[in-house]
Amino acid sequence: MNNRRVIIVGGGLAGLYTAFQLEQLSIPYVLFEAKDVFGGRIHSEQPKVNNNQSLFHDLGPTWIFPHHHRMKALVAHLNENLFHQHSAGAVVYHENTNTKPQIIENGQGPLLHRLEGGLYKLILALQAKLSKNNYQLSCQVDNLKKVNETWQVTVTNTKDASVVIHETDHLILALPPRLIHEYLTPTHWASAALTKALVAVPTWMANQVKFVATYHKPFWRENGLAGQAFSRVGPMIEIHDASAKDQQGFALFGFIGLSSQAIKSFSIEHLKAQCINQLKLLLGDEAQHYEQCYLKSWGSDVHVATDKDRTEPPAHPDFHIKRFSQELSSLNLYLAGSEFSEEDAGYLEGAIYAADKAISLLKKEVLLKNH
Ligand SMILES: Cc1cc2nc3c(=O)[nH]c(=O)nc-3n(C[C@H](O)[C@H](O)[C@H](O)COP(=O)(O)OP(=O)(O)OC[C@H]3O[C@@H](n4cnc5c(N)ncnc54)[C@H](O)[C@@H]3O)c2cc1C
């Protein structure tokens, strides 16, 4: 490998983790992220009324599942801590508008883990491990071209619209397949089969709408409820306790059962008010005394969802990356986004799995060229 830096496109969990590993391996790289912050689907809000600077409320992922060992190892390596999702208490189920919500005692789900302070802390911890010269925010990659052995990567600065073409031998794409299809011109460099697979595989949770309300006390727990509810009435179809560890901040979150297209017909304020009314009905009148509430419609985020994600029913990603091993190897192209993982595709764990695979293939290539 010559001295040209490896280029990483995308600064979500997969891209940042890849950068962190390359930094440790002393492999020169530069990472381009389209947004002005890192994290991708890991996105959190900080409470305005609470002076706790290290508390974030997750509007993207919340849970690390019991079998997510790579994530658990990363959390430990970065000196962050996990705690258990609060689930003690009764669960509420609302079948239809003609019936009252039912209380189900001892309806506990699986033991899920959460990151103390919110998942965005993981992003901050990874970012802190990178040298500032090795990444550029607000830099959207919008064209790729392969000229002989060289990748030409067109990068547009989204703040001043300036365009720079960077060159590299090895290119790591840490973003979902459909975004590669949308932004990175695969018809210039990929086979018809690879191009078709890129557009076919959905981005996990890309059309979700998530709501969070914060409270000064966990009134639902005081009423014997877990804060967990399931509803066929809506607008939220699933609600959970989203409080921080050790009484450091209380919250509830819910997934809204409407697509990003459908919610366009409501104002955000109207939708937030409907969610609060639903919390009142299911968990108690105190729900109206919230401190802050936040709503994120992921389908409207152009760096997460494409038109297909907005219009197709949600489905688990299944890319079968092995089918394309030869083609990717001949291109010196590495696919590190979670949707490319052979295990837990679409999840946080999948992002680490796919990134680890990409790094190990890159390392092999580096050793091969150096000997
Ligand atoms: C609402 C929601 C809830 C979820 N819940 C869970 C959960 O509880 N547990 C779990 O394990 N997983 C969950 N997930 C999935 C989890 O968030 C993802 O698996 C993980 O964040 C994917 O990371 P990634 O780096 O592969 O992709 P992304 O986070 O999508 O990162 C891709 C990055 O590429 C950037 N980018 C896009 N286009 C360009 C371009 N042209 N140029 C440069 N940069 C670009 C984006 O801005 C982004 O930063 C959830 C997701 C959502 C949305």
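Taking all Cα pairs closer than 8 Å and separated by 6 or more residues, the relative contact order of the chain comes to 21 percent.
For a footprinting-style exposure proxy, rank His69, His57, His303 by other Cβ within 10 Å, fewest first.
His69, His303, His57
Between Thr187, Ile165, Phe319, the Cα set farthest toward the positive side of the dipole of the chain (charges on each charged residue's Cβ, about the Cα centre) is that of Ile165.
Screening the chain for whole DSSP H helices of 15 Å or more along their axis (Cα) with average Kyte-Doolittle hydropathy at least 0.0 returns 13-24, 268-283, 348-370.
Under unit Cβ charges (Lys, Arg +1; Asp, Glu -1), what dipole magnitude, rounded to 20 debye, does the stretch 157-309 have relative to its Cα centre?
Dipole magnitude for the stretch 157-309 comes out near 340 debye.
The label-point distance for Glu269 and Ile237, in a model that sets each label 7 Å from Cα toward Cβ, rounds to 2.9 nm. If we count every other residue with Cβ under 14 angstrom of Cys275's Cβ, Lys/Arg +1 and Asp/Glu -1, where does the sum land? Counting the neighbours of Cys275, the net charge comes to +2. The label-point distance for Arg323 and Ser131, in a model that sets each label 7 Å from Cα toward Cβ, rounds to 4.0 nm. Fewest-first ordering of Glu238, Glu349 by other beta carbons within 10 Å of each residue's beta carbon gives Glu238, Glu349.
Which ordering of Val201, Val163 is given by a fewest-first count of other beta-carbon atoms within 10 Å?
Val163, Val201
The orientation-averaged projected area of the convex hull spanned by the Cα atoms of the stretch 134-290 comes to 13.9 nm². About the centre of its Cα atoms, the stretch 260-371 shows a dipole size close to 380 debye [charges on the beta carbon of Lys, Arg (+1) and Asp, Glu (-1) only; nearest 20 debye]. Between the stretch 276-318 and the stretch 175-202, the C-alpha centres lie 27 angstrom from each other.
Going down the table (Lys121/Lys280; Lys145/Lys196; Lys121/Lys210; Lys72/Lys217; Lys322/Lys364; Lys129/Lys272), which pairs top 26 Å between alpha carbons? Each step should come with its number before you reach the end.
Details: Lys121/Lys280 31 Å; Lys145/Lys196 18 Å; Lys121/Lys210 19 Å; Lys72/Lys217 29 Å; Lys322/Lys364 17 Å; Lys129/Lys272 37 Å.
Going by Cα-Cα distance, Lys121/Lys280; Lys72/Lys217; Lys129/Lys272 fall outside the 26 Å limit.
Calculated FRET efficiency, Gln288 and Asn79, Cβ-Cβ r, R0 35 Å, to nearest 0.05? It comes to 0.35. The trypsin sites (Lys or Arg not before Pro) of the stretch 215-245 meeting both criteria, a DSSP state outside H, G, I, E and B (loop) and at most 13 other C-beta atoms within 10 angstrom of the site's C-beta, are Arg232. The three principal axes of the C-alpha atoms in the stretch 250-371 carry coordinate ranges of 69, 31, 19 Å, sorted with the longest axis first. Evaluating kT/(6 pi eta Rh) at 25 °C and 0.890 mPa s, with the Kirkwood radius of the stretch 23-95 over Cα pairs in the Stokes-Einstein relation, gives 151 µm² s⁻¹. Relative contact order of the stretch 154-284, taken over Cα pairs closer than 8 Å and 6 or more residues apart, is 20 percent.
Given the convex hull of the Cα atoms of the chain, what is a quarter of its surface area in nm²?
Mean projected area for the chain: 19.2 nm², to one decimal.
Only the Cβ atoms of Lys and Arg (+1) and of Asp and Glu (-1) were treated as charged; on that basis the dipole of the chain about its Cα centre amounts to roughly 420 debye.
Taken together, the values in this text are just the output of simple stated rules run on the coordinates, not laboratory data. Fair warning: this is a prediction, and the values are worked out from it, not measured in the lab. When we count neighbours, we look across all protein chains shown, and the Cβ atoms used for this are built from the backbone with ideal geometry, even at glycine.
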